[in-house]
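The values are calculated or read from the model by the stated rules, or taken from the named source; none is laboratory data. Computed from a predicted model, the values in this text were never measured in an experiment. Neighbour counts run over all protein chains shown; Cβ positions are idealised from the backbone, glycine included. These area figures cover heavy atoms from the full protein model, side chains too; ligands, DNA and RNA do not enter into them. Shrake-Rupley method; radii C 1.70, N 1.55, O 1.52, S 1.80 Å.
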Amino acid sequence: MTNEIKTVAVVGCGIGRSHLIEGYVPNADKYKVVALCDLNPERLNAVADEFGIEGRYTSFDELLKTDVEIIDICTPPMVHYSQIIAALDAGKHVVCEKPLVGSLAQLDDIVAAEKRAKGKLMPIFQYRYGDGIEQVKKIIDSGLAGTPYIATAETLWKRTAEYYAVPWRGKWATELGGVLMTHAIHIHDIVTYLMGPIAGLFGRVATRVNDIEVEDCISASCELESGALASLTATLGSQEEISRIRLAFSNVTFESDHEPYSPGGKLWRIIPASPEVAAQIEALLANWQHVPPRFQTQMARFHDALMGRGPVPVTSADSRRALEIVTAFYHSSETHTEVRLPIPADHPKYQSWVPAQFRQEAAQ
C-alpha cells in the first residue's frame, strides 16, 4: 500500500515558509517536508534550521534528482512555468503558488504536460477555504440560494515603496503583472468559484499608487455565464486593508468577513429572503464540522486526492479561468472594448498580456 505520509520539498523560502507553518506543520500526519530549495543560502539555512529540515538545495535541478514525491513551488512568478514543466517531467507531484504561469499559452502547455505526467498538479488558491466560504458554497450548491443576481468584489489593500524594494516586484519581466496577478486574483477566483464563470468583461487598469511598471488599481464590469452581473475593484492604495465580497441571489444575500487575507475563514453574513429559507439553511448547516482556513485545508484535500479519496481541490482549469480574467482585463483596458470569455488561442493576448515594450525582457 502506498505510504500515507508524502515527502515534500518546498522551493522558495519566502512564501514557502507560510506553506510550512499553515499547510504542512498542521498536516504532519500526511506530509513530511524533507528538503528546502532557495538561491539564498542564508535564508535557506535559517528556515531549514527553524523547522529542522535536513535537505538543503540551492539548485532546483539537483533537487529534482532526489526521490522526494512533491515539489511545492513558491518562487517568483517568472520561473513557475519552467519549474512546473521540469517537475512534472521528473515524475513529481507539483504544488505551485499563484499566478500559475504568465500566459494562457503557457497554461495550455501545462495542461498538456499534466496529461503525459505521472504526478498531479495543484495550483494554490488558499482563500477558498474556511468555515465562512464553505458554508456559502454548500448553500449555493444545494440550490437554496436560488437565482444569482449580482456580485461585488473589492480587494482594497496597501503596498508602499518598501514592498516594491524587492527587486523582482513591480516589473513586467519578473512579476508578470500587478494587483490583478498578485493580489486581486484570489478574490476574483472566489467570485467565479461561488457564482460561476465570467462570460464578458469590460475593465480598466491604472498605475496610480506606486512608481512601478505594472498596475496597482483596477475596475471592471462583468457579465457571468448565468446572466448575473459582477463588479471587480482593487487598489493597493487603501488606507484600511479589507477584502469584501457580496453576493445577491433570489433567496439569500451573502457578505464575506472583511479580513483582507482570509476572507473565507470567519462566518459570512447570510441574509435569507424569508423565515422559510432561513429554516432550510439552518437544517442544511446543522452539525457543521469546522473547516480550517487557507493552506491547512487545501493541503489536506490535496493529500486526499493523492490517496484516491477525492478530486484535486484546485486544478489547472481553475487557474485558466483566473488567468482569462487577467488577460481580459489587460486587453479590455488597452482597446476600450468588452472581452468575451473563454479566450481562444487566436486572441491577441493569448501568447502574452505583457505590453510589447517589455515582452522581450519577460521572455528571457
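Within region 170-184, the set of residues being assigned to a helix (DSSP H, G or I) and open to solvent by less than 10 Å² (accessible area, probe 1.4 Å) comprises E175, V179, L180, M181. Would you mind stating whether R43 is at pLDDT 95 or above, of a type in the set (K, R), within 30 Å of I325 (Cα to Cα) and open to solvent by 50 Å² or more (accessible area, probe 1.4 Å)? In short, no. Residues of region 242-282 that are part of a strand (DSSP E or B) and farther than 30 Å from W157 by Cβ: P272 alone. I'd like to know if region 296-307 contains one or more residues that are among the charged types (D, E, K, R), outside any loop (DSSP other than H, G, I, E, B), within 30 Å of I5 (Cβ to Cβ) and more than 16 Å from the chain's Cα centre (by Cα). So far as region 296-307 goes, yes, one or more of its residues are among the charged types (D, E, K, R), outside any loop (DSSP other than H, G, I, E, B), within 30 Å of I5 (Cβ to Cβ) and more than 16 Å from the chain's Cα centre (by Cα).
Taking the conditions (1) without any contact (Cβ under 8 Å) to a residue 40 or more places away in the chain; (2) part of a loop (DSSP other than H, G, I, E, B); (3) basic (K, R) in turn, K115 satisfies each one other than (2). Of the residues R340, R301, the single one that is under 21 Å from K137 (Cα atoms), out of contact with any His (no Cβ under 9 Å at 6 or more places or on another chain) and of a type in the set (K, R) is R301. Screening region 70-87 for residues that are aliphatic (A, V, I, L, M) and crowded, with 22+ Cβ neighbours inside 10 Å and picking the one that is farthest from G177 (Cα to Cα) gives I70. Looking only at residues in region 127-146 that are open to solvent by 10 Å² or more (accessible area, probe 1.4 Å) and not charged (D, E, K, R), the one that is nearest to V94 (Cα to Cα) is Y127.
Scanning region 206-226 for residues that are open to solvent by 50 Å² or more (accessible area, probe 1.4 Å) and in contact with a Pro (Cβ under 8 Å, 6 or more places away or on another chain) yields a count of 2. When you check L100 against the structure, is it more than 18 Å from R321 (Cα to Cα), in contact with a helix residue (DSSP H, G or I) (Cβ under 9 Å, 6 or more places away or on another chain) and in a loop (DSSP other than H, G, I, E, B), yes or no? So L100 does not fit the description; no. Consider region 274-286 and keep the residues that are free of Cβ contacts under 8 Å to residues at least 24 places away in the same chain and either under 29 Å from H186 (Cα atoms) or of a type in the set (G, A, S) (or both). The one that is surrounded by the fewest Cβ atoms within 10 Å (Cβ to Cβ) is A286. Which residues, counting only those in region 93-110, are of a type in the set (A, V, I, L, M, F, W, C) and more than 17 Å from the chain's Cα centre (by Cα)? Result: A105, single match.
One line per residue, one yes/no per condition, for (1) modelled with pLDDT of 95 or more; (2) of a type in the set (G, A, S); (3) at positive phi:
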{"residue": "I139", "(1), (2), (3)": "yes, no, no"}
{"residue": "S142", "(1), (2), (3)": "yes, yes, no"}
{"residue": "T152", "(1), (2), (3)": "yes, no, no"}
{"residue": "L156", "(1), (2), (3)": "yes, no, no"}
{"residue": "A161", "(1), (2), (3)": "yes, yes, no"}
{"residue": "G170", "(1), (2), (3)": "yes, yes, yes"}
{"residue": "H186", "(1), (2), (3)": "yes, no, no"}
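When region 133-168 is limited to residues that are among the charged types (D, E, K, R) and in contact (Cβ under 8 Å) with a residue 60 or more places away in the chain, the one that is nearest to P293 (Cα to Cα) turns out to be E134. Give the residue that is surrounded by the fewest Cβ atoms within 10 Å (Cβ to Cβ), with candidates limited to residues of region 147-169 that are among the small types (G, A, S) and over 21 Å from A220 (Cα atoms). Among them, the one singled out is A165. No other residue among D67, D61 is assigned to a loop (DSSP other than H, G, I, E, B) and either open to solvent by 40 Å² or more (accessible area, probe 1.4 Å) or polar (S, T, N, Q) (or both) apart from D67.
This table checks each residue for (1) among the hydrophobic types (A, V, I, L, M, F, W, C); (2) in contact with a helix residue (DSSP H, G or I) (Cβ under 7 Å, 6 or more places away or on another chain); (3) in a strand (DSSP E or B); (4) under 23 Å from Y164 (Cβ atoms).
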position: A28; (1), (2), (3), (4): yes, no, no, no
position: L36; (1), (2), (3), (4): yes, yes, yes, no
position: E42; (1), (2), (3), (4): no, no, no, yes
position: N45; (1), (2), (3), (4): no, no, no, no
position: A48; (1), (2), (3), (4): yes, no, no, no
position: I53; (1), (2), (3), (4): yes, no, no, no
position: Q83; (1), (2), (3), (4): no, yes, no, no
